[in-house]
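Structure record follows, encoded as structure tokens.
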Amino acid sequence: MAEDDTQTANEQPIINFKSTADLTDYYCPFCNQKLFRGKVTTFNMVCSNCNKLVRSEQDYHKDNEEQS
């Protein structure tokens, strides 16, 4: 029975890379530390490295002007 447990532990996990292909890395503009990886339009967070507030918002006004 112990042999069955070791075989399961040695198997490689199945990773679906397609689900993470469209994610973006976000970096702190002050210290260039990586904040997180994801796909968001806005976020407000404090950088864990330099302890400064980082805000990011998509400017919809510019997008609307370009389409006109």
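The values are calculated or read from the model by the stated rules, or taken from the named source; none is laboratory data. Here the structure is a predicted model, which means the values were calculated and not measured. Note that each Cβ is placed from the backbone with ideal geometry, even for glycine, and that neighbours are counted across all protein chains shown.
Overview of results
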| quantity | calculated |
| --- | --- |
| Selected residue (criterion: surrounded by the fewest Cβ atoms within 10 Å (Cβ to Cβ)) from residues of segment 21-52 that are outside any loop (DSSP other than H, G, I, E, B) and either of a type in the set (A, V, I, L, M) or more than 13 Å from the chain's Cα centre (by Cα) (or both) | ASN44 |
| Tally of residues being surrounded by 10 or more Cβ atoms within 10 Å (Cβ to Cβ) and at pLDDT 80 or above across segment 4-20 | 0 |
